[in-house]
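*Asks:* I have a structure I would like to understand better, so I am pasting it below and will then ask my questions one at a time.
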Amino acid sequence: MVRFLQSFLILLFITVYSQVSFSQDVLYLRDNTTINAKVKEIAEEAVIYIQAGQDYSIERKEVVLIIYEDGTHTVVKNKSQVVLLEVNEDFGRHLVSWQVGDLWQFNISGAYEYFFTSGIMSLRIPVSADIDAYSKRAIGKNEVRRIMYTGLDCNFYPFRQRAISPYVGPGVRYSKLRNFIGYEYIKTANYPKWLRSTEIGLYANGGLLFQLSPQLGVNLGLGFGVNSTWYEDGTEEYYFDVLRHFSIGYRF
């Protein structure tokens with residue numbers, strides 16, 4: 001009887017020890033090593049685990065993956081990854097932006113962009129006015145002044161709204177221009193003079209929308225397109241054009 005109890009206790013000890021030793025979670029680290037332990041908590045800055053009855057912790061950014069004893073797993077993201085990669089479900093539907101680069105050309109330019117509920121698509125209406133279009137500073141050289149332009153862009157965000165959101169889409173521009181034709185280009189009695197023109201362009205746009213905060217956004221993009229220009233003297237021309245977007249916006 002005593003020998004039976006001893007054998008039973010030894011078997012029980014082996015069973016419990018094996019459960020404690022092998023029924024553990026596995027932490028996979030960035031340096032390709034592993035830790036066999038019992039995960040207690042995944043905190044904001046660290047992962048806390050139990051090993052040999054003691055509590056230990058490791059920086060969260062060092063842990064890549066946790067496989068639990070029941071076979072389930074957790075991919076551990078640090079805070080920067082969460083901000084950059086996770087979809088923002090609570091984004092503002094309206095974005096009012098100011099085109100910073102146009103100010104150097106004496107233009108006041110802005111845009112209003114409306115985002116649909118899914119966050120995949122938006123409509124943007126750009127508007128610009130040239131505050132220097134009727135000045136005399138262009139006299140003596142060939143120059144084109146864009147009096148105003150507006151248009152419509154349809155942007156597609158394939159990864160929805162995130163901290164960094166790439167977009168692509170078509171756009172159209174309607175512009176009114178004032179073209180100064182100088183003597184050095186056309187030597188007739190009718191020149192130099194100003195010619196008004198109307199312009200329509202079709203563009204393929206693309207870029208990145210950076211959401212620096214829930215309200216503050218920065219847009220960097222390019223547009224490639226073809227413009228058709230009609231002058232008031234009856235002439236017409238086509239040319240290739242490149243749009244550059246660098247704007248700062250407020251989202252709400």
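The values are calculated or read from the model by the stated rules, or taken from the named source; none is laboratory data. Computed from a prediction, not measured in an experiment: that's the story for all the values here. With ideal geometry, Cβ positions are generated from the backbone for all residues, glycine too; neighbour counts draw on all protein chains shown.
*Asks:* May I ask you to list the residues in segment 32-62 that are polar (S, T, N, Q) and in a strand (DSSP E or B)? Talk me through it step by step, then tell me what you get.
*Replies:* First, the residues of segment 32-62 that are polar (S, T, N, Q): 32-34, 36, 51, 54, 57.
Result: 34, 36, 51, 54, 57.
*Asks:* Please specify each residue of segment 136-150 satisfying the condition of being within 23 Å of residue 174 (Cβ to Cβ) and either modelled with pLDDT under 60 or of a type outside the set (Phe, Trp, Tyr) (or both).
*Replies:* Taking segment 136-150 and keeping what is within 23 Å of residue 174 (Cβ to Cβ), we get 138, 143-150.
If the condition is that a residue be within 23 Å of residue 174 (Cβ to Cβ) and either modelled with pLDDT under 60 or of a type outside the set (Phe, Trp, Tyr) (or both), then 138, 143, 144, 145, 146, 147, 148, 150 are the ones that fit.
*Asks:* Could you say whether any residue in segment 224-240 is within 18 Å of the chain's Cα centre (by Cα) and in the same structural domain as residue 178 (by TED's automatic domain parsing)?
*Replies:* Here is the first cut: in segment 224-240, the ones within 18 Å of the chain's Cα centre (by Cα) are none.
Scanning segment 224-240 turns up no residue that is within 18 Å of the chain's Cα centre (by Cα) and in the same structural domain as residue 178 (by TED's automatic domain parsing).
*Asks:* Okay, moving on. Does segment 238-251 hold any residues that are surrounded by 10 or more Cβ atoms within 10 Å (Cβ to Cβ) and either closer than 21 Å to residue 113 by Cα or touching a Phe, Trp or Tyr at 6+ places or on another chain (Cβ under 8 Å) (or both), and which are they?
*Replies:* Listed by number, the residues that qualify are 241, 243, 244, 245, 246, 247, 248, 249, 250, 251.
*Asks:* Looking at 93, 124 in this structure, which one is modelled with pLDDT under 95 and either assigned by TED's automatic domain parsing to the domain that holds residue 33 or not hydroxyl-bearing (Ser, Thr, Tyr) (or both)? Spell out the reasoning first.
*Replies:* Values: 124 fails: modelled with pLDDT under 95.
That would be 93, the only listed residue that is modelled with pLDDT under 95 and either assigned by TED's automatic domain parsing to the domain that holds residue 33 or not hydroxyl-bearing (Ser, Thr, Tyr) (or both).
*Asks:* Filter segment 236-252 for residues that are without any contact (Cβ under 8 Å) to a residue 60 or more places away in the chain and touching a Ser or Thr at 6+ places or on another chain (Cβ under 9 Å) and give the result.
*Replies:* Answer for segment 236-252, where residues must be without any contact (Cβ under 8 Å) to a residue 60 or more places away in the chain and touching a Ser or Thr at 6+ places or on another chain (Cβ under 9 Å): 236, 237, 238, 239.
*Asks:* Select, from 180, 159, the only residue that is at pLDDT below 90, touching a Pro at 6+ places or on another chain (Cβ under 8 Å) and part of a strand (DSSP E or B). Steps first, answer last, please.
*Replies:* Values: 159 fails: part of a strand (DSSP E or B).
Residue meeting the stated conditions: 180.
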